[in-house]
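The values are calculated or read from the model by the stated rules, or taken from the named source; none is laboratory data. Note that this is a predicted model, so its numbers are computed, not measured. Here Cβ is always computed from backbone atoms with ideal geometry, including for glycine, and neighbour counts include all displayed protein chains.
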Amino acid sequence: MTSAVDRWERTSSEAPAAVPIAAHRARSLRRAAGVLGLTAAGIGVLTLAGWLLGSPALTSVVPEAGATKANTSVSLFLIGVSLWLLSDPGHHRVPRGVGKLLALTAASVGAVTLGEYFFGWDLGIDQLLFREPPGAPLTSHPGRMAPITALSLLLLGVALLLLNRQTRIRALAPWLALVTIIAAIFALATHAFIAGEVFQAESYPVVALPTAIAIFLLAVGVLLAQPEHRLVAIVASDTPGGFAARRLLPVAVIVPLLLAWLRLVGQRAGWYGVGLGLAFLTTASITIIMCLVWWNASLLYNADIQRAAAEEQVRRSRDELEERVNERTAELAQVNQVLRAQVEERDKAQRALQEERDFVSAILDVVGALVVVLDREGRIIRFNRACEQVTGYSFAEVEGRLFWDLFLLPEEVDGVRAVFDALTAGQFPNRHENYWRTRSGGRRLIAWSNSVLLHEGEERHVIATGIDITELRAAEDALNALNAELEQRVATRTAELRNAVERLEAEIRERQRAEEQNARLTEDLRQQAAELRAANEELESFSYSVSHDLRAPLRSIDGFSQAVLEDYADKLDETGQDYLQRVRRASQRMGQLIDDILKLSRVTRAEMCRETVDLSALARAISEELQQTEPDRRVEWHIAEGITAEGDPTLLRVVLDNLLGNAWKFTAHQPSPRIEFGARQEGGICVYYVRDNGVGFDPAYADKLFQAFQRLHTADEFTGSGIGLATVRRIVRRHGGRVWAEGAVGKGATFSFTLGS
């Protein structure tokens, strides 16, 4: 069954929204509530002092009209202080808790007293503080407060307990206060109009005049303490209804009391009888009510005229504002369109620039030389993979640190600082050697070639390119220990090797100068798209030239190393032979990398000739070529028929060569290898794919597959340099398409690509 409280909460939730009230007025009303609470508390203190001093003048303004009981005085004080503490929401938690405790105490006294009246109890609380003299008038029970007083204390205490609760039942507090106001007015009217008649009934429990005044003040204070409630907000608002209510309420309270009192005074003086007195009261009431109605009607009429004028002004202002907003919106739309185009152009340039940066970074990381870039203070700002491998430090660990404080031996710091100062002064010393300290405590001898990156004639960065010659120097020392004849011949070969190294260093310096030029061009190309295309062509040409010219010195290194091994193998110990084998393997590895760079450069520089290409026929031809390399190997081929595309036939042959070759390579360990070439439609775009059931790859590294020289398997597992997929991506992008990979470890891989129109 639904309770009365639940029904009241539901009704309250369905009521109209609260009337708005100004914040400053709400604060003023709450302060007024606190003042009324302290005033009522003061009345309680005065009446309690009357009991302490035995002064009837303090306990009752009119002694024959009954006195404020001691329990009532204490309860009024508690309620007054509680109202003062709870009326201000800014009070801290402890003061609010004290206020609730005081309100609960006063409400409990009222409830117990009502229980004594209704159930005939005598709990001994009436004269707990003070004993009333025998024969005290106007009370049925010595020391016991009137029933109206007890009820009022109970209602006020409950209202204060509900005052700051964050629930809908909180709205009951003003209604409880309103009931208490009516009870207080009744008590005051009793004293004003029929005091003599009541006072003669000594058994009737009378509400003392100080008590009635205090209860009225407290009830009004509880109302004012919740200014957002409709009962108060309507009166306090700046609406026409609020203006009318503030004028009517004082009249509604004072005028009936005054008219009734005047009627009573005239009757008691013998000026007229009961009938004439009622006629006088009725006529005066009608006249005053008519005046009030006309007064408030005129106020509301004037308010309506002012409101209509204000609404018209608001309408005109709104129309003007809408017109301005529309104009500004159109302007912003145009500006937004221009900005969007600029942003797209900038993003396009940034993507192109980032691709070139990634390409250059990949070249730096795979090159065998050590590359370190320092700022004008000697702090490390670039540190390639070769440096990380030699020192054991990652770039993240050394970035921003001073070069000579980290790697140099103490005795070599001054010499290296002198070289650095000469570089920053524009003297450009070409070569020097020094030892590097590694993380493990070892030492590596590095031969350096230095340069300075200039911008607008000012030195910006020092670029140092080094070669780890520790093993080479050890080999030289071992060869020097041979007999004179061998020493002469080895010296000759060593001189030739040094010449080859110098030529290699010269090529590296040339590449560095080209890279410096490219860096300057890259900085300028951020502003102009045309210059970006020129820089790309220059970088590709440079990569081709460097890769092509590096072959000669590498062949010399490989040849001379092989000659030493063949001619003097019996004169070298195992360590010397191992060092020379390492030199040969490093030169062969670098030769392979140079060949891959040449392939990638040719793909980029080749002229495109678009025509219709039969991709199915190309795939079948490539599969037959792969099968001929290993006739005994059985692979299940699935090549779809009738797949064609618009593009350069030579470049598309390179794409299928790399993709099908990778599938052939990575299914080598599969007992039942399967390779598929086909096409599908996705969103109106033809997607070509090569799928296999080989070793697959970790999807987390899918993006790295298409970066130059990136490999997910060691050379011992599968051959290759990591340039094939980078070549595929460049060719596909030149055709206006994109390429991506999907796969899982041990479950094969699928490489998909599209081609633009």
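Scanning the stretch 56-90 for residues that are modelled with pLDDT of 75 or more, over 30 Å from ARG31 (Cβ atoms) and part of a loop (DSSP other than H, G, I, E, B) yields a total of 2. Of all the residues in the stretch 65-123, those that are among the polar types (S, T, N, Q), in contact (Cβ under 8 Å) with a residue 60 or more places away in the chain and under 17 Å from GLY143 (Cβ atoms) number 4. When the stretch 625-657 is filtered for residues that are over 18 Å from THR612 (Cα atoms) and either among the hydrophobic types (A, V, I, L, M, F, W, C) or touching a Gly at 6+ places or on another chain (Cβ under 8 Å) (or both), the ones remaining, listed by number, are LEU626, VAL635, TRP637, HIS638, ILE639.
Residue pairs whose Cβ atoms lie under 6 Å apart, sitting 6 or more positions apart in sequence or on different chains, and linking a residue in the stretch 558-577 that is of a type outside the set (A, V, I, L, M) to a partner that is assigned to a loop (DSSP other than H, G, I, E, B), are LYS571/LEU482.
Whether a residue is in the same structural domain as SER449 (by TED's automatic domain parsing) and over 49 Å from the mean Cα position of the chain (by Cα) was assessed, and ALA425 does not pass this test. Note on the stretch 732-757: residues that are of a type in the set (Gly, Ala, Ser), surrounded by fewer than 17 Cβ atoms within 10 Å (Cβ to Cβ) and within 37 Å of the chain's Cα centre (by Cα) total 1. Scanning the stretch 586-631 for residues that are acidic (Asp, Glu) and at pLDDT below 85 returns ASP595, ASP596, GLU607.
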